[in-house]
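The values are calculated or read from the model by the stated rules, or taken from the named source; none is laboratory data. Note that this is a predicted model, so its numbers are computed, not measured. Ideal geometry is used to build each Cβ from the backbone, glycine not excepted, and the neighbour counts take in all protein chains shown. Ligands, DNA and RNA are stripped out before the accessible areas are found, and what is left, the full protein with its side chains, is counted by its heavy atoms. Shrake-Rupley method; radii C 1.70, N 1.55, O 1.52, S 1.80 Å.
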Amino acid sequence: MSSSIASFGQHSSTAEEEAYRHIQQALRLGRYKPGERLIPEDIAAEIGMSRMPVREAFRRLASEGLVVLRPNRGCIVAGLTVDELYEIFEMRSVLEGLAVRLSMPRIDDDELDDLERLLDRMERAGQSGSNDWVVRHQEFHGKICALSHRPKLVHQISALHVVIEPYMRIWFDYIEKPLSAREEHAALIAALRSGDAPHAEQVMRDHILGTAPMLAEFVTPGE
């Protein structure tokens, strides 16, 4: 019996994780809009599971600020106000600046070459008009942050990227950014190459904070 219970627990956990990843991905891609109500029965049918794992996934997403659970209204997709967007970018600037500082002892020519290749991919995606630009942009930042060897720090940074990804995709559709983006990220690579940790940290922080005003105009204030 204990084996059956353990098996059920594992299955339930796996189903909840599947539901969580499915909904999170849809939110990141902008499939669900701020203020939209998520119907657990519809999502469960789409994935091919019962409602319970979907409801558990809602709770997890709510704890991350991606949805809001409201009495009598159910699960509502969260939106960002302009103030909240600025707050997220302020948090990102501090955390990713810290990640840069911690990464510096591990930045060598091979890592710099990898970053140059990621930047080239980002530029190609931007020139093609593909939404892959957002993915390549996250890969570039993720590469630097991973070199910090601080898993909890990287997790927090990743969570912030998830929250703003839908807005980044909207931003990409309306602003011609590839050229300016390449210049800014090339400047970041140059700062990393310099070996000056405080300087590289400041360049990262300035880069992130400078993005917020441009993105803010596309944020619809939440209720």
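Assorted remarks:
- Taken along its three principal axes, the alpha carbon spread of segment 87-129 comes to 32, 31, 5 Å, from the longest extent down to the shortest.
- Estimated 222 nm signal from helices in the chain, with DSSP H stretches of n ≥ 4 weighted -39500 (n - 2.57), rounded to 500: -25500 deg cm²/dmol
- What the Cβ-Cβ distance of residue 50 and residue 109 gives, at R0 = 41 Å and to the nearest 0.05, is a FRET efficiency of 0.20.
- Protein heavy-atom accessible surface, 1.4 Å probe, per residue over segment 103-150: 49 Å².
- Estimated at 0.36 nm per residue, the fully extended path between residue 158 and residue 82 surpasses their Cα-Cα distance by 25.3 nm.
- Within the chain, the percentage of alpha carbon pairs spaced more than 23 angstrom apart rounds to 54%.
- Acute angle (nearest 10 degrees) that the helix 2-28 long axis makes with the longest principal axis of the chain, alpha-carbon atoms: 50
- Its relative contact order, with pairs defined as Cα atoms under 8 Å and 6+ residues apart, puts segment 48-93 at 20 percent.
- In nm, spacing of pseudo-spin labels at residue 63 and residue 187 (7 Å Cα→C-beta vector): 3.9
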